[in-house]
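K.L.:
Here it is, the structure in full.
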Amino acid sequence: MADRPGSDQVTTLDTPIRLDYHFSAGAAATPYLRGLAEGKFVGQRCPVCRKVYIPPRGSCPTDGVATEGAEVLADKGTVTTYCVVNVPFAGQSIEIPYICAQVLLDGADISFMSLIQEIPADQVRMGLRVEAVWVPPEERGPTLASVEYFRPNGEPDADYDSYKAYL
Amino acid sequence: MPAAPAPRQGRRPVAVVSFAQAPNVRRDTAHNEVELLLPVIGEVLGNLGITKDDIGFICSGSTDYLIGGPFSFVAALDAVGVWPPKSESHVEMDAAWALYEAWVRLQEGDVDTALVYGFGKSSMGDLGKILALQLDPYVMAPLWPDPVSLAALQARALLDHGLATERDFAEVAARSRRSALDNPKAQVAYDRSADDLLGEDYVVAPLRRHALPPLTDGAAAVMLAAGDRAFELCERPAWITGIDHRVETHALGARDLTSSPSTAKAAEVAGVSAGPVEVVELHAPFAPQELVLCRALGLPVDPTGAGSTSVNPSGGPLAANALMAGGLIRIGEAAARIIDGRVSRVVAHATSGPVLQQNLVAVLEGA
Amino acid sequence: MAERCAVIGVGQTKCASKRLDVSVAGLVREAALRALDDAGLTFADIDAVVIGKAPDMFEGVMMPELYLAPALGAVGKPMLRVHTAGSVGGSTALVAAHLVTAGIHQRVLTVAFEKQSDSDAMWALSVPQPFAAPLLAGAGGYFAPIIRAYMRRSGAPDHVGMKVAVKDRLHALKNPYAHLHLPDISMKVVEDSVVIWDPLHYLESCPSSDGAAAMVLGSEQAAAASQAATGRRPAWVHGMAMRSEPTMFAGRDQVNPQAGRDCAADVYRQAGVTKPRADFDCAEVYVPFSWYEPMWLENLGFCEEGQGWRLTDEGATSMDGGDIPWNCSGGVLSSNPIGASGMLRFLEVALQVRGEAGEHQVDGVRRALGQAYGGGSQFFAMWVLGTEKP
């Protein structure tokens, strides 16, 4: 409790709140999470629009139907867009500056946000081709933490037209 | 085409034309919220032979604190598939209030149908602590009073005022769970006598286990349609002829917990007393609250259910208590009995907040 | 619209990083009482209350409207609580307006607030969710890559964002309620601020604010009564619309979302607006990061796609000689009480239409647009207000 200086009025009080939750990954995310433990990216396909979603979240967001199957995707892809983060954020232990990028895996129809490393920040660009760097097999689990980061894989940059529909 | 009964409020008649709910279960670990909702929304549309493209407005009810993260309604919308973009809104309230918002929106006349849905998983966190956060953050919440204890205060007040007996609570529970035997979506159903239930230990005196609702994971959806569109979609639409909701103060000490003036006021505006009430679905999570609500609605208080009004034929919240969907389920259950032709005038009630702080009352009628 | 509806009272609080002098109830009451006073009314005259805010975890109170009911005079009345992410302030006003246009109520009080200092908003936004991808860098980390995509697509020069950052802060100097008052703001000052999320500088981002906004919405009859009592004229609702699209889907245009374009088309149709740049006298648009001004200029049809940055660069959106001033209040870049930010946009156009905006009043406003957006640019709420009865 902190009082306003020179006053007997109570101005603030602290109420620590701790709540614990049990999350359910859901049916669609299960093969995806199991895949991460095995060093694989596994998405699902919409039976209506045929688009491949990773991570699958249970439904095709445009058709409102359950996505299906287990689509194993390459662990490489394209940086569609990115930003360079120059300030530390709570809970982040990554050395700044770091690159926060949207990576579109080959074969996927949706990009997801990833860390890009092993390249100076000022050399990252839209269209950069990258590959996943997995943590050692014994450290992998059903979590995105199994992917340490993405790094350039040396392929020539993707043509803007090949990914502009995903921006 | 038959004529819709004239609504007491608003500019055009609006009806419930379809209702669906997920099985109410203690713990659904197999599905996330989207997967919980998908079949429910599929069913509520499928009942009418329409698709998401036929929806004019969408409104949902849910709360972040149950799910343990901000913006829980955002992902849930993926269960509908709002593409092309749709006119859509969300209330951080039980979905019965989402239905109210949709009912208002349909008065405008530019859209004729609305999808309303709500969902809540009580299994994810410690409900006793979570619901304490609904109280005054400065003087009440830091004491972490749990909802069972607050309901026990209310029950005690009823006993001390001579307005109920512990046997009444047991009769309400016995009747509700017996009714739930006919409800395939119910979570708790049994055939036990009040005498038998009175043998249970107190959880928080004067409440025994039977007077408490179950912890439930669930979801529900309703389709509303206005004017002629309702008759096109449904042979016997459940017309909302009156609907209103009122809130009371949060200060428990300033309320008479043995009465529910907000329910009484909403019932007056909705026109509950304008005709016979064949069925009432009450959102009374704790058994004693049914008695408070019956009085407020001007209905006979008969815990055994011998009166002319059938109280909670679905089993009510004592049989399944999906938070944020429970109020909408009351409206859906009541409406379903008109849609299937069993009755012609019903009342549905929904509540929100600690010990019946906020209440909604709807009157639904067949044409 | 069925019945006419007008804004007949407006109230807002001073925005600040920490409003330690008031409780949550005190904060919303401050705005509500000002709105009532402006309308020449008291709580007793109000039929219903519609309240909105962004996630409850921002204050650590679950469904806080329950606790706020007596502070807002809502006891015994209908009270609704809206939550549609960042657009919520706008959506809340629309839900309240529909209660009037539907003929349900005569006078509705609508309030939106955020008291971010009561909890930790950055924490509340990034509660660890075990199966979701980790949020790597806060809200700016989400929006900065989209801004980069806009720059690539439109070929806009790098300085345009900084121009918005300067312009809105200069506007804010004319608004006593604005959180940020930066009298020394200049292109150089913005450029010298840290590049927090490259390409975004620190001063191209919105602050975190405590604040509340309130309006009284009334029927034609209520509007006439208030005008007779106060001498202040109503701002009439000419159009209102909401649109949502999914957060993430294959092929989603995040730079120029369809939901925003559809929402604008709907509200313009209702208001009879065909050439937004010419038909509006000013606009208040949700711009939390500088580059969203040129992006929304295009999304809202004030120019052709790819040309928004030219309007900004030419000064068209500045109060200082521009033909279509945007965010004369200083906008979200100057005050960001998240849940109230959308309502402040809606409220500021009411002030402009009523001619009550004080130092940041644009001359002769007859019609103006208010816009709010939320989430990952997938929720939109808009209204058009005018001096004439629709």
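FYI, it's all coordinate maths here, none of it is from the lab. As the structure is a prediction and not an experimental result, all values here were calculated from the model. As a convention, Cβ positions derive from the backbone with ideal geometry for all residues, glycine included, and neighbour counts pool all protein chains shown.
K.L.:
I'd like the Karplus ³J(HN,Hα) series for region B:136-152: coefficients 6.51, -1.76, 1.60, θ = phi - 60°, whole numbers in Hz, and an x wherever there's a Gly or Pro.
P.N.:
Couplings: 3, x, 8, 10, 9, 3, x, 8, 6, x, 8, x, 5, 5, 5, 5, 5 Hz.
K.L.:
Between residue A:8 and residue A:164, with labels modelled 7 Å along Cα→Cβ, what's the label distance in nm to one decimal, could you check?
P.N.:
Placing both labels 7 Å beyond Cα along the Cβ direction yields 7.2 nm.
K.L.:
I would also like to ask the following. Explain nothing, just compute: Karplus ³J(HN,Hα) = 6.51 cos²θ - 1.76 cosθ + 1.60, θ = phi - 60°, for every residue of region C:181-198 in order, whole Hz, x for Gly and Pro.
P.N.:
After applying 6.51 cos²θ - 1.76 cosθ + 1.60, I find 10, 10, x, 9, 5, 7, 4, 5, 5, 5, 5, 7, 6, 4, 7, 7, 10, 3 Hz.
K.L.:
Say we join alpha carbon atoms closer than 10 Å with springs in a Gaussian network model of chain A; which of A:55, A:97, A:31 then has the biggest fluctuation?
P.N.:
Among A:55, A:97, A:31, the largest GNM mean-square fluctuation belongs to A:97.
K.L.:
Now, a different point. Considering the zone a paramagnetic label at residue C:221 would reach in this model (a point 7 Å from Cα along the Cα-to-Cβ line), which residues of region C:23-54 have amide N under 18 Å from it?
P.N.:
Only C:41-42, C:44-48 pass the distance filter.
K.L.:
How far is helix B:33-46 tilted, in degrees, relative to the longest principal axis of the Cα atoms in chain B, given as a value from 0 to 90 rounded to the nearest 10?
P.N.:
That helix lies at roughly 50 degrees to the long axis.
K.L.:
Which lysines, on any chain, are close to residue B:52 with Cα under 23 Å apart, when same-chain ones fewer than 8 places away are left out?
P.N.:
Filter leaves A:51, B:86.
K.L.:
Sticking with this structure for a sec: Determine the sum of side-chain charges near residue B:91: Lys and Arg each +1, Asp and Glu each -1, restricted to other residues whose C-beta is under 11 angstrom from that of residue B:91. Mind dumping the intermediate values first?
P.N.:
On the way: positive: C:81; negative: B:92, B:94, B:101, C:65.
Around residue B:91, the surrounding residues sum to -3.
K.L.:
Same structure, new question: What per residue convex hull volume, in Å³, do the alpha-carbon atoms of chain B yield? Display every interim value, and only then the final one.
P.N.:
Details: hull volume 46.5 nm³, N = 367.
So the per-residue Cα hull volume is 127 Å³.
K.L.:
Please give the contour-minus-distance gain from residue C:265 to residue C:186: 0.36 nm per residue of separation, less the Cα-Cα distance, rounded to one decimal in nm. Write down the numbers at each step before the final one.
P.N.:
On the way: separation 79, 0.36 × 79 = 28.44 nm, distance 3.55 nm.
Answer, rounded to one decimal: 24.9 nm.
K.L.:
Regarding chain A, what's the average projected area of the Cα-atom convex hull, expressed in nm²? The partial results should precede the final answer.
P.N.:
On the way: hull surface 58.9 nm².
That works out to 14.7 nm², a quarter of the Cα hull's surface.
K.L.:
Still on this structure, I have one more. Which residue fluctuates the most in chain C, going by a Gaussian network model with Cα springs under 10 Å, if the choices are C:158, C:266, C:281?
P.N.:
C:158
K.L.:
If the cut-off is 20 Å between C-alpha atoms, which aspartates and glutamates fall inside it for residue C:174, apart from same-chain ones fewer than 8 positions away?
P.N.:
Here the aspartates and glutamates satisfying the reach criterion relative to residue C:174 are C:184, C:204, C:210, C:281, C:284, C:293, C:320, C:323, C:348, C:356, C:359, C:363.
K.L.:
Here is a further query. Could you list which residues have their amide H under 5 Å from that of residue A:148, counting only those 5 or more apart in sequence or on another chain, with H placed in the peptide plane?
P.N.:
Those qualifying (amide H under 5 Å, at least 5 residues apart or on another chain) are A:133, A:134, A:135.
K.L.:
How high is the relative contact order of chain C, given as a whole-number percent (alpha carbon pairs under 8 Å, six or more residues apart)? Walk me through the intermediate numbers first.
P.N.:
Values: 938 pairs, mean separation 102.3, N = 390.
Relative contact order here is 26 percent.
K.L.:
On a 0 to 90 degree scale, rounded to 10, what angle separates helix C:88-101 from the longest Cα axis of chain C?
P.N.:
Tilt of helix C:88-101: around 30 degrees.
K.L.:
Taking 51 Å as R0, compute the FRET efficiency from the Cβ-Cβ separation of residue C:202 and residue B:161 and round it to 0.05.
P.N.:
Numbers: r = 62 Å, r/R0 = 1.21.
Calculated value: 0.25.
K.L.:
Another question about this same structure. Modelling each spin label as a point 7 Å along the Cα-to-Cβ direction, I'd like the residue B:209/residue A:19 distance in nm, to one decimal.
P.N.:
In this crude spin-label approximation the distance works out to 2.8 nm.
K.L.:
Can you tell me the FRET efficiency between residue C:37 and residue C:193 if r is taken as the Cβ-Cβ distance and R0 is 41 Å, rounded to the nearest 0.05? Let's see the in-between values first.
P.N.:
Numbers: r = 39 Å, r/R0 = 0.95.
My answer for the efficiency is 0.60.
K.L.:
Out of the DSSP beta bridges found with both residues in region A:23-167, what percent are antiparallel (nearest 5)? Each step should come with its number before you reach the end.
P.N.:
Values: 27 of 28 bridges.
Within region A:23-167, antiparallel bridges account for around 95 percent of the total.
K.L.:
Summing +1 for each Lys or Arg and -1 for each Asp or Glu, what net charge is found among the other residues whose Cβ lies under 14 Å from the Cβ of residue A:67? The partial results should precede the final answer.
P.N.:
Values: positive: A:45, A:50, A:51, A:57; negative: A:63, A:68, A:71, A:109, B:35, B:78.
Within the 14 Å Cβ shell, the charges total -2.
K.L.:
Additional query: Between rounded, prolate and oblate, where does region C:276-321 land on the alpha carbon gyration tensor, with a ≥ b ≥ c its root eigenvalues, rounded for a/c under 1.5, else prolate if a/b exceeds b/c?
P.N.:
Working: a/c = 1.22, a/b = 1.11, b/c = 1.10.
The shape class here is rounded.
K.L.:
Label region A:23-73 by shape, choosing from rounded, prolate and oblate, from the square roots a ≥ b ≥ c of the eigenvalues of the Cα gyration tensor; if a/c is under 1.5 it is rounded, and otherwise prolate applies when a/b is larger than b/c, oblate when it is not.
P.N.:
Numbers: a/c = 2.81, a/b = 1.47, b/c = 1.91.
Verdict is oblate for region A:23-73.
K.L.:
On to the next question. List the relative contact order of region A:23-73 as a percent without decimals, with contacts defined as Cα pairs under 8 Å and 6+ residues apart.
P.N.:
Values: 90 pairs, mean separation 19.3, N = 51.
Once divided by the residue count of region A:23-73, the mean separation gives 38 percent.
K.L.:
Remind me, relative contact order of chain B in percent, using alpha carbon pairs under 8 angstrom and six or more residues apart? Can you show the working numbers first?
P.N.:
Values: 881 pairs, mean separation 96.4, N = 367.
Normalised by residue count, the contact order of chain B is 26 percent.
K.L.:
Mind giving me the nanometre distance, one decimal, between the label points for residue C:229 and residue A:135, set 7 Å out from Cα along Cα→Cβ?
P.N.:
With each label placed 7 Å out from Cα toward Cβ, I get 6.4 nm.
K.L.:
Here's something else I'd like to know. Summing Lys, Arg as +1 and Asp, Glu as -1, what charge do residues with Cβ under 9 Å from the Cβ of residue B:366 carry, residue B:366 excluded?
P.N.:
Working: positive: B:236, B:345; negative: B:365.
Residues near residue B:366 contribute +1 overall.
K.L.:
Could you quote the convex hull projected area for the protein assembly as shown, Cα atoms only and averaged over all directions, in nm²?
P.N.:
Values: hull surface 147.5 nm².
Its average projected convex-hull area is 36.9 nm².
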